[in-house]
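The values are calculated or read from the model by the stated rules, or taken from the named source; none is laboratory data. From a predicted model like this one, the values you see are computed outputs, not experimental measurements. Note that we place each Cβ from the backbone using ideal geometry, even for glycine, and neighbour counts take in every protein chain shown. The area values use the complete protein model at the heavy-atom level, side chains included, leaving out ligands, DNA and RNA. Shrake-Rupley method; radii C 1.70, N 1.55, O 1.52, S 1.80 Å.
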Amino acid sequence: MKFSTDEIKLASDSVSFGAWHISLPTGSLSFENAKSFLSHVLAARQGKIFLSLSEATGFDCNPISDPKNLLPKGFIELQTSGTTGEPKRHSFSAESRIPKLRTRTDFCWGVGYALSKFAAISLILQVLEFEGSLSIPEVFDPADLVSSFNDDRVDAISTTPSVLRLIAMSNLAKLKQIEVKQITLGGEHSSQAIIDLAIDLWPSASVTHVYATTEDGFLFSCSDRLEGFPAEKILSESRFIDENGELFVWGRGTGDFWERRDDRFHFKGRVAEVANIGGFKVWPIEVEKLVAKVPGVDDARVFVVKNSLLGHVLGLEFSGTIEKNELRLALRHLLPKIQIPQLIQKVEIITMGSSGKKARIE
Amino acid sequence: MKSLSEIQSFMSLELLEITYGQVDLSGNALWDKALISELGLDSLDYASLMVSVEEWLSVKVPEGNVDWSSLKSARQLAEFLHDLQGQ
């Protein structure tokens, strides 16, 4: 489903002032409902309404009773699930979430995020600001994403690394046919393998990976086709990394940890996602990066599992041609024992949360 | 619900893999030996064995109220996990 900014602007004129709640379906979304959702996002951007978003089985759009006019116009509230499974509400000024990146006004952007997620709202606000157009799938699943992006002839796609991998597995040939000029990866760590996949799909496209937080919005990006971020992109007047590796923004800890290697910082993981295995801390993403390098592994997900004996253990899902016992043997030579996942499962497709990211806690 | 013998067969295979072929439970002799102190497993191996069977049986060992001293051998662990089914 393709929407131009002009079309959304026209629809937003009919949105009544006040506070609104929209529940977005986890299943199919009709054209009219998608347009209604986009027009309310724009109305929030224009300062006309307060908009609260959540996920449900079906679409619903209703005014919120706000007799004392306490809900701030121009703000959007999201219920985020994140990767730790702990739902939390977060509201922000729509204006503050427009990235400082300018985008081509004639681009049609494929939205590769679930619509109730921060990254989707951020992309929609950016596109509406610069008067591009949006391609939104009826259903947020790999096959429908590829069809939608292909039918709408998108110029650019913004999605998570996990979704990119899934849509590539779904229909590689069709995806390659789309003349993508810009691919933006966000919402989770972009490994070199995923950046290389994007380059392989669209050799002449600009490949950008971004870092953003729910609290602060877009913070920095990198388009040099290499994993990690140059130090000068991360460190600034408002940002520093402390001696433990945690990134601070305006003096507030983000809970995200980084490791410096030469002149680049590499994402290590979220503090909420660290496994404490019998008193030893293990970062799932670090293990995952190494597992993904084992020949025969196509993709992997390392996650934390609560365990009554050790506190936590590590779980590993992998897809590829290697067998489980062979992988365990390979990991024995590659990793310290504490980092070898205790639970290893071979799967066809790596499990992805509703946010389009790999879940880190089970 | 899996039978005790099915669980024991699964555990035998898992333990062979986890210990890289060092501990073979296919005979009866080792089932009553303490996994950690007598068969050479460490707590990570033990946890691997436990979570693999938990996952296979779709059960979860409850936190907090487990007497680990009564779950030293493979037989004790198999019986304990077997009894968790249906609880």
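Brief remarks on what is shown
- Applying the condition of being part of a helix (DSSP H, G or I) and more than 7 Å from chain A (Cβ to nearest Cβ) to segment B:47-67 and asking which residue is most open to solvent (accessible area, probe 1.4 Å) yields B:Trp56.
- Single residue of A:Leu327, A:Leu314 found to be within 13 Å of chain B (Cβ to nearest Cβ), crowded, with 20+ Cβ neighbours inside 10 Å and in a helix (DSSP H, G or I): A:Leu327
- Given (1) touching a residue at least 60 places away in the same chain (Cβ under 8 Å); (2) within 14 Å of another protein chain (Cβ to nearest Cβ); (3) within 22 Å of the chain's Cα centre (by Cα), index of the condition A:Asp299 fails: (2)
- Tally, over segment A:163-195, of residues that are under 13 Å from A:His209 (Cα atoms) and under 14 Å from the mean Cα position of the chain (by Cα): 11
- Filtered residues of segment A:236-261 (kept if part of a strand (DSSP E or B), open to solvent by less than 70 Å² (accessible area, probe 1.4 Å) and not polar (S, T, N, Q)): A:Arg239, A:Ile241, A:Glu246, A:Leu247, A:Phe248, A:Val249, A:Gly253, A:Gly255, A:Asp256, A:Phe257, A:Trp258, A:Glu259
- You will find that of A:Leu335, A:Leu290, the residue that is without any contact (Cβ under 8 Å) to a residue 60 or more places away in the chain, away from chain B (no Cβ under 14 Å) and surrounded by fewer than 18 Cβ atoms within 10 Å (Cβ to Cβ) is A:Leu290 and no other.
- Residues that are open to solvent by less than 40 Å² (accessible area, probe 1.4 Å) and closer than 13 Å to A:Ala300 by Cβ, drawn from segment A:348-358: A:Ile350, A:Lys358
- Near pairs, Cβ below 7 angstrom, 6+ apart or cross-chain, from segment A:249-270 (under 16 Å from A:Glu215 (Cβ atoms)) to any residue that is hydroxyl-bearing (Ser, Thr, Tyr) and not in a loop (DSSP other than H, G, I, E, B): A:Thr254/A:Thr213
- Restricting segment B:22-46 to residues that are free of Cβ contacts under 8 Å to residues at least 12 places away in the same chain and either of a type in the set (A, V, I, L, M, F, W, C) or farther than 21 Å from A:Pro336 by Cβ (or both), the residue that is nearest to the other protein chains (Cβ to nearest Cβ) is B:Leu44.
- Residue satisfying condition, being assigned to a strand (DSSP E or B), open to solvent by 70 Å² or more (accessible area, probe 1.4 Å) and not β-branched (Val, Ile, Thr), within set A:Lys281, A:Lys233: A:Lys281
- Among the conditions (1) part of a helix (DSSP H, G or I); (2) open to solvent by 50 Å² or more (accessible area, probe 1.4 Å), A:Pro203 misses just one, which is (1).
- Pair list, Cβ < 6 Å and 6+ apart or interchain, from segment A:27-44 residues that are more than 15 Å from A:Leu134 (Cβ to Cβ) and in contact (Cβ under 8 Å) with a residue 12 or more places away in the chain to residues that are open to solvent by 10 Å² or more (accessible area, probe 1.4 Å) and in a helix (DSSP H, G or I): none
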